[in-house]
Amino acid sequence: MSAARRYLIAGLVIGLTLIVSAIIIRATDSNDSGSTGQAVAETENEAEAEADAEEEGGPRAGIEEAQEEAEVTASRLEALHAAQAAGKFGSKVAATTSPATGWVGSRVLSSTFDDWEPAVATDPKAPYVYLLTTRYGTRECGSHCPTPFIPITVSKDGGATWSPQVPICECLRSKAQYDPTIEVVPNTGAVYSAFLNWDRHNGFSTVFAKSTDHGATWTEPVHVYGNVSWTDKPEITMSSSGKDVYVSWNGPQGGDLYVGQSHDYGATWTQQHLSDDKRYYYAYDARVLSDGTVVFSESSIVYSGLKNVSGEVWHHAVVSRDKGATWENVVVAKVPQGEFCVAAGCGPDFYAGQTSVVSDAAGHLVFAYEGPTTDGGPQRVYVSTSSNSGRTWSAGVPLSVAGENATGPRLASSGGGNARIWYMQTAGHDPDAWNVWYRSSTNGGAAWSAPVKISDAPAGAAGYINANGFAEIYGDYGEVAVTSTGKTIATWGEGFSYTGPGGTWFNIQR
C-alpha cells in the first residue's frame with residue numbers, strides 16, 4: 001500500500017452511491033455452498049463505524065490524503081537522515097555466511113537507499129527475473145525524479161546477476177510513486193506493471209505500463225481508472241496471451257472495490273465499481289486461470305472513525321468467469337482483529353488482512369490468509385483450497401506457529417500441484433524480532449514441508465537486524481515467484497520501524 005496509513009482515508013465520501021451496470025455481485029460464505037448469492041448484510045459494527053466516522057470529523061477527500069502522504073514521506077526522510085547521521089544506516093551490509101539449507105542466502109538490494117515494498121516477477125520460459133522496489137531519499141533518477149520513485153532491476157540469468165537499478169518511469173509531473181506490481185505474460189514474455197503515480201494534476205492514480213524488451217524500455221503509462229478521482233492499492237493480472245488485463249484497486253467511496261480491465265493488451269480501459277458497503281477493500285494477489293477465470297485475493301476491514309478498526313476481517317476471492325462481465329464476491333474466511341502494530345509510525349491495521357492466491361492445477365486454487373483465534377490475539381497464517389475454481393473453499397489449515405504473530409503470506413506455483421509460500425513471523429513473541437519462513441507443497445496444499453527461515457542474514461548485518469530477527473516489516477508488499485528452472489525467489493522489506501529506514505531483501509533457492 002502507499003506509505004500513508006490506509007485507515008486515514010477510511011471515511012472518504014461515506015454514503016455516496018455509484019450505479020453499477022451489468023455486474024453481478026455475490027457475496028457468499030464459503031461454508032454455504034448452496035447460497036444463492038445474496039449480498040452480505042450490513043452488520044451492526046459497520047453501522048457503528050459509519051456513525052463514528054461522521055462523529056470524528058466526517059469523510060476525507062483526496063487532498064487530505066495527499067497532504068497526509070507528504071507528511072509521512074517527510075517523517076520517513078527525517079528518520080533516514082537521522083539514521084545516516086548516527087551511523088546506523090547506509091554502510092555496506094554484511095554478507096550472509098550461513099544461508100538456509102537449499103538457499104543462496106538473503107541479500108539486500110541496496111544498502112545505500114531506503115527501499116520499501118518490493119515486487120518480483122519471473123518469466124516461466126526464459127531466465128529473466130524482474131525486481132521492483134519503492135525508493136525514498138534520493139532524486140538520482142533523472143530530471144523528473146519524484147520521491148519516492150520505483151526503480152527496476154533485471155536479471156538475465158535467474159537471479160545470479162542483476163542490472164543497474166533504474167526508474168520504471170520518470171513520469172513527468174509525478175510527485176511520488178508507490179505500490180509497485182509486476183507480472184510476466186506467460187506466452188510472450190512481455191512484462192506488465194501497475195503502480196500508483198501521484199500526479200500534480202490528477203492526484204493519486206493507478207497507471208499501467210508494459211515492456212516488450214525484457215524491461216529495457218517501457219511504454220508511457222496509461223490511466224486505468226477512468227473517472228475515479230482517487231485510487232489506492234492496485235493489483236494486476238492478465239491472460240496467458242496478455243490481451244486481457246485486470247487491475248483491482250480501492251476507490252474514493254470509503255475503500256470501495258473497483259476493477260479496471262483492458263481487452264486490447266492494456267491500450268484502453270473500462271472500470272467497474274464492485275462494492276458499495278461500509279467495508280474497506282485491499283487487493284493483494286491475482287491470477288487468470290487456464291480457462292480465463294479471473295481470481296483476485298482481497299481482504300476487507302471496517303474502520304471505526306478515521307483511525308481505528310472494528311469487527312471482523314473478511315478474506316475474499318473476487319471471481320469473474322466471463323472475462324470481467326460479471327463478478328462473484330466469495331468470502332473465504334472471517335477472522336477477528338489481531339495484534340496491533342506498535343512500531344514507530346505504525347497504525348493498528350498494519351498486520352491485518354493480507355492474502356494471496358495461486359492456481360497450482362486446472363481448476364484448483366490455493367488461498368493464504370491470516371487471522372487470530374480471539375480478538376487482539378496473535379495471528380496465524382492459514383491456507384484454504386478450492387477444487388472448483390473458487391466457488392467453494394475448504395476450512396483454513398494453519399501453517400505458522402501458534403502463539404507467535406504472523407502476517408504477509410505470499411504464494412507462487414509453477415503448476416503440477418506444487419505451491420510455495422513465505423510468511424512473516426515473530427520470534428519469542430517479540431514485536432521487534434521478525435523472520436521470513438518458507439514452506440512448499442507438492443500436492444495442492446494437502447501437506448507442506450517443514451518451515452525454513454530464509455531471512456538468514458547474520459545479526460548486525462544491518463542496523464535493524466538482531467540475533468532473533470529484524471525489527472519491523474517494512475511495507476505491506478513482498479512477493480514470491482518461480483524461475484524458469486523451477487527455483488523459488490522471494491523478496492520482502494526489513495526496517496527499523498514502519499517509519500524506517502529499511503531495505504528490500506531477497507533470497508533464491510540453489
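Of the candidates D244, D256, D277, D285, the single residue that is in contact with a helix residue (DSSP H, G or I) (Cβ under 8 Å, 6 or more places away or on another chain) and either touching a residue at least 12 places away in the same chain (Cβ under 8 Å) or of a type outside the set (A, V, I, L, M, F, W, C) (or both) is D277. Of all residues in the range 480-507 being touching a helix residue (DSSP H, G or I) at 6+ places or on another chain (Cβ under 8 Å) and of a type in the set (S, T, N, Q), which is farthest from M424 (Cα to Cα)? Going through the qualifying residues, I end up with T499. Could you list, in sequence order, all residues of the range 355-371 that are more than 13 Å from W393 (Cα to Cα), in a loop (DSSP other than H, G, I, E, B) and either open to solvent by 10 Å² or more (accessible area, probe 1.4 Å) or among the basic types (K, R) (or both)? Selection gives A362 alone. Flag not set for D456, criterion: at pLDDT below 95 and not in a strand (DSSP E or B). For the range 88-141, the set of residues classified as small (G, A, S), in contact with a Phe, Trp or Tyr (Cβ under 8 Å, 6 or more places away or on another chain) and either open to solvent by 20 Å² or more (accessible area, probe 1.4 Å) or assigned to a strand (DSSP E or B) (or both) consists of A119, A121, G137, listed by residue number.
Within the range 301-331, restricting attention to residues that are open to solvent by 10 Å² or more (accessible area, probe 1.4 Å) and β-branched (V, I, T), the residue that is nearest to the chain's Cα centre (by Cα) is V309. Strands (runs of 3 or more DSSP E) wholly in the range 470-510 with at least 1 residues that are open to solvent by 10 Å² or more (accessible area, probe 1.4 Å) and more than 15 Å from A121 (Cβ to Cβ) - which ones? Where strands (runs of 3 or more DSSP E) fall fully within the range 470-510, none carries at least 1 residues being open to solvent by 10 Å² or more (accessible area, probe 1.4 Å) and more than 15 Å from A121 (Cβ to Cβ). Would the range 435-446 turn up any residue that is buried (at least 23 other Cβ atoms within 10 Å of the Cβ) and in a loop (DSSP other than H, G, I, E, B)? Checking the range 435-446: at least one residue is buried (at least 23 other Cβ atoms within 10 Å of the Cβ) and in a loop (DSSP other than H, G, I, E, B). Would you confirm whether or not the range 163-175 contains a residue that is within 23 Å of R76 (Cβ to Cβ), outside any loop (DSSP other than H, G, I, E, B), touching a residue at least 60 places away in the same chain (Cβ under 8 Å) and open to solvent by less than 10 Å² (accessible area, probe 1.4 Å)? Taking every residue of the range 163-175 in turn, none turns out to be within 23 Å of R76 (Cβ to Cβ), outside any loop (DSSP other than H, G, I, E, B), touching a residue at least 60 places away in the same chain (Cβ under 8 Å) and open to solvent by less than 10 Å² (accessible area, probe 1.4 Å). Residues in the range 399-434 that are in a strand (DSSP E or B) and open to solvent by 50 Å² or more (accessible area, probe 1.4 Å): 4 in all.
The values are calculated or read from the model by the stated rules, or taken from the named source; none is laboratory data. Since the structure is predicted, the reported quantities are computational estimates derived from the model, not experimental observations. FYI the Cβ positions are ideal-geometry reconstructions off the backbone, even for glycines, and counts take in every protein chain you see. Calculation scope for accessible area: heavy atoms of the full protein, side chains included, ligands and nucleic acids excluded. Shrake-Rupley method; radii C 1.70, N 1.55, O 1.52, S 1.80 Å.
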